[in-house]
């Protein structure tokens, strides 16, 4: 027997006014005329989805700073490569960013900018003849700094202090030197073999491992005080999300009540580990997870400016 089509003549309908709609004209964007201030521009964004989350992220950063809470930036090396160090350094100088955590590649670009004023090489061209990653000064400086003191003070502090001692010409552009100068925790989390300096003869596996483990314990101490604060993961798809969730677990295992904080993930695309280990699982018991998707070179300055605007005069710079 052939099946007959359903006849919709008796389908039930209802008045549109009775339906709960998720979008109303009151939430729409308003055009920004020439000369619009940042505050007015942000207010004119639609009160929908990512625009609302951008404002919420800025408010969370501002609120944490007002209360004297933590604003921790975890990051991949791409953040440095696209020229965002001055934006983060400004937030550190103002006392807004209270700690940094980065992967092993971050120290490469941070050093090269401080030493040479330039970084990032053509990997494909160098890989063809084996010259990729073999810049002498990069390998020698970073491996020496790690071998000399990383086991005692951690990789982040060791490299930052070495840059300051050497008075590198562009040290004002160094995140790690700034952190050392301001006495802000800066941690580096390394996978052995993932970074170019591991190919150099001066690489010391014991020193790298000891320094990175010390930095993990330091990050756990920072995360233990994260209640009411903010953790941002900017551009790290694997290392920082994995390290963060373990640091959080260690703090809670040691009976630190770390609850009700904001986790913000920022990257070009949604990735599995940041979604579960930054946005989702850590805030499941309270707090808020926010994912902002877009190019770092646009989104990071926008979020920083929005947070500083929310703070107003409270975000005055520290004396240098």
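Peptide packing for 176-184, 37-45, 279-287, 125-133 was compared via the average number of neighbouring C-beta atoms within 10 Å per residue; ordered from the highest value, the list is 176-184, 279-287, 37-45, 125-133. Placing a label point 7 Å from the Cα of residue 221 along the Cα-to-Cβ direction, the residues of segment 155-185 with a backbone N closer than 17 Å are 155-161, 179-185. In the chain, the longest principal axis of the Cα atoms and the axis of helix 155-166 are about 50 degrees apart.
Does segment 209-256 classify as rounded, prolate or oblate by the C-alpha gyration tensor (a ≥ b ≥ c root eigenvalues; a/c under 1.5 gives rounded; else a/b over b/c gives prolate, otherwise oblate)? Can you show the working numbers first?
On the way: a/c = 1.86, a/b = 1.09, b/c = 1.70.
Oblate is the answer for segment 209-256, as a/c is 1.5 or above yet b/c matches or exceeds a/b.
Mind giving me the FRET efficiency for residue 44 and residue 305? R0 is 22 Å, r the Cβ-Cβ distance, nearest 0.05 is fine. With a Förster radius of 22 Å, E is 0.90.
If you take the C-alpha gyration tensor of segment 47-311, multiply each eigenvalue by 5 and take the square root, what semi-axes do you get, largest first, in whole Å?
In descending order the semi-axes read 29, 20, 18 Å.
Residue ranges 7-13, 165-171 sort as 165-171, 7-13 when ordered by packing (mean number of other C-beta atoms within 10 Å per residue, highest first).
Once the Cα atoms of helix 136-153 and of the chain are each reduced to a long axis, what angle between those two axes, in degrees from 0 to 90 to the nearest 10, is obtained? The two axes meet at around 80 degrees.
What the Kirkwood sum gives for segment 183-309 is a hydrodynamic radius of 15.8 Å, with every pair of different alpha carbons counted. Approximating the spin labels as points 7 Å out from Cα along Cα→Cβ, the residue 127-to-residue 270 distance works out to 2.9 nm. In this label model, residue 29 and residue 7 are separated by 4.8 nm, measuring between points 7 Å along each Cα→Cβ vector.
Every helix of 4 or more DSSP H residues in the chain counts as -39500 (n - 2.57), and over all residues that averages to -14500 deg cm²/dmol at 222 nm. Classification of segment 103-223 by its C-alpha gyration tensor yields an oblate form. The axis ratio a/c (a ≥ b ≥ c) is 1.5 or more, and b/c is at least a/b.
Name the shape class, rounded, prolate or oblate, that the alpha-carbon gyration tensor gives for segment 257-318, where a ≥ b ≥ c are the square roots of its eigenvalues, rounded holds for a/c under 1.5, and otherwise prolate holds if a/b is larger than b/c and oblate otherwise. Can you show the working numbers first?
Numbers: a/c = 3.27, a/b = 1.32, b/c = 2.48.
It comes out oblate by the Cα gyration axes.
Which of 87, 123, 79, 276 comes first, and how do the rest follow, when ranked by fewest Cβ neighbours within 10 Å? Working shown, then result.
Details: 87 19, 123 11, 79 25, 276 15.
Ranked by crowding around the Cβ, least crowded first: 123, 276, 87, 79.
Between helix 104-116 and the chain there is an angle of about 60 degrees, using the helix long axis and the longest principal axis of the Cα atoms. Relative contact order of the chain, taken over Cα pairs closer than 8 Å and 6 or more residues apart, is 21 percent. Based on the convex hull around the alpha carbon atoms, segment 13-75 presents an average projected area of 7.8 nm².
Every number here is computed from the coordinates shown, using simple stated rules; none is lab data. For clarity, every value in this text was computed on a predicted model and none was experimentally measured. Here Cβ is always computed from backbone atoms with ideal geometry, including for glycine, and neighbour counts include all displayed protein chains.
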